[in-house]
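The next block holds one structure in the form of structure tokens; read it before the comments.
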Ligand SMILES: C[S@@+](CC[C@H](N)C(=O)[O-])C[C@H]1O[C@@H](n2cnc3c(N)ncnc32)[C@H](O)[C@@H]1O
């Protein structure tokens, strides 16, 4: 008995150490990539070097603390069974090896757009009809915005590099409030529960939700057909029911009222103009059944993280993020309350902020 207890402890300690090393490796790679690519970009786009203010050593220390706390929380949530510890190591290695060189090959196109100050440029073969105008942007200077297969293939890797390998750990923070929110429906068989991920992109959050809630029916919407194809590919890689994916505008969700028990959305709101943010919240409220829960994840804001104000002000200057500045000052709690959500809870993990709220019974 005693020896099996110790063996379990040893396995746990080893898994934790492996996870920490895995994250350290991703951080080192992310920082090295950013340093090098910034230096080279500054050579080709000299104006860019003076953009953005330097971060103080206190800010960097605070960031490091938040990073360590996020990793610990990720580990603890897995340890407590909110999801399997296998998820901690989830990484698209084949995409990494295949697409990392492509990230570099895409840089000269980005420099060209930076020099020309062209942030709404798309390859001629891309059909731009039917999209809201705010969406037709090269967010982060991405080639073809969200509208090409190449963009969909590079996206996960670019986000991981941006967040020094912590993007998935931040996405997984929606799982605990999501599961807690669904406790409201404990009397319903979980195979009859429906969860919608709004702006599901390449499907990483759906993958994590499916792993944490394998019996629940999952749905995803996104405006980008290319990203949905990539999501479908990712979700096919492992066993499990395939989420139903639909190309749609989150401002007009193609579902009847009261259809879902939960709605999630990750990293969408900072890319929406204010009115669209309100519309997406209103639509999420409409499609949720009474008692249903909404869980949102996006960037930190000035109100909750004033110590990161410089970082938040640098972000839209260095990357093309036309709605970010307004987002950092927007009151999403008020927006949620305005459409009728109650029990609004707010938390932060690393550089992300999370809202959970309930549609009243
Ligand atoms: C920053 S990405 C986030 C994707 C994904 N949730 C993630 O965690 O990586 C923003 C996503 O929102 C989608 N999007 C932006 N505006 C949208 C809208 N009005 N309706 C639906 N999807 C939208 C984009 O196509 C893109 O996939």
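Limited to segment 114-144, what total is found for residues that are touching a residue at least 60 places away in the same chain (Cβ under 8 Å) and more than 16 Å from the ligand (Cβ to nearest atom)?
Summing the residues that are touching a residue at least 60 places away in the same chain (Cβ under 8 Å) and more than 16 Å from the ligand (Cβ to nearest atom) in segment 114-144 gives 2.
For segment 167-179, state whether one or more residues are modelled with pLDDT of 95 or more and part of a loop (DSSP other than H, G, I, E, B).
Checked against the condition, which is being modelled with pLDDT of 95 or more and part of a loop (DSSP other than H, G, I, E, B), segment 167-179 yields no hits at all.
Every residue, every condition in (1) assigned to a loop (DSSP other than H, G, I, E, B); (2) within 16 Å of the ligand (Cβ to nearest atom), yes or no:
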{"site": "182", "(1), (2)": "no, no"}
{"site": "188", "(1), (2)": "yes, no"}
{"site": "197", "(1), (2)": "no, yes"}
{"site": "201", "(1), (2)": "yes, yes"}
{"site": "210", "(1), (2)": "no, yes"}
{"site": "220", "(1), (2)": "no, yes"}
{"site": "227", "(1), (2)": "no, yes"}
{"site": "234", "(1), (2)": "no, yes"}
{"site": "239", "(1), (2)": "yes, no"}
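Can you pull out every residue in segment 91-118 that is surrounded by fewer than 16 Cβ atoms within 10 Å (Cβ to Cβ) and not in a helix (DSSP H, G or I)?
91, 117, 118
Mind listing whichever residues of segment 325-337 are in contact with a strand residue (DSSP E or B) (Cβ under 9 Å, 6 or more places away or on another chain) and either in a loop (DSSP other than H, G, I, E, B) or surrounded by fewer than 20 Cβ atoms within 10 Å (Cβ to Cβ) (or both)?
Answer for segment 325-337, where residues must be in contact with a strand residue (DSSP E or B) (Cβ under 9 Å, 6 or more places away or on another chain) and either in a loop (DSSP other than H, G, I, E, B) or surrounded by fewer than 20 Cβ atoms within 10 Å (Cβ to Cβ) (or both): 333, 337.
In segment 338-361, what residues are closer than 23 Å to residue 287 by Cβ and not in a strand (DSSP E or B)?
338, 339, 340, 341, 359, 360, 361
Could you please let me know if residue 343 is buried (at least 20 other Cβ atoms within 10 Å of the Cβ), touching a residue at least 12 places away in the same chain (Cβ under 8 Å) and not assigned by TED's automatic domain parsing to the domain that holds residue 136?
no
When you go through (1) over 25 Å from residue 199 (Cα atoms); (2) assigned to a helix (DSSP H, G or I) one by one for residue 74, which number turns out not to apply?
(1)
Does at least one position in segment 247-269 carry a residue that is outside any helix (DSSP H, G or I), away from the ligand (no atom under 11 Å from the Cβ) and within 30 Å of residue 57 (Cα to Cα)?
no
Among residues belonging to segment 41-60 that are touching a helix residue (DSSP H, G or I) at 6+ places or on another chain (Cβ under 7 Å) and loosely packed, with under 14 Cβ neighbours inside 10 Å, point out the one that is farthest from residue 313 (Cα to Cα).
Applying the filter and picking the extreme gives 49.
The values are calculated or read from the model by the stated rules, or taken from the named source; none is laboratory data. These figures come from a predicted structure and were not determined experimentally. FYI the Cβ positions are ideal-geometry reconstructions off the backbone, even for glycines, and counts take in every protein chain you see.
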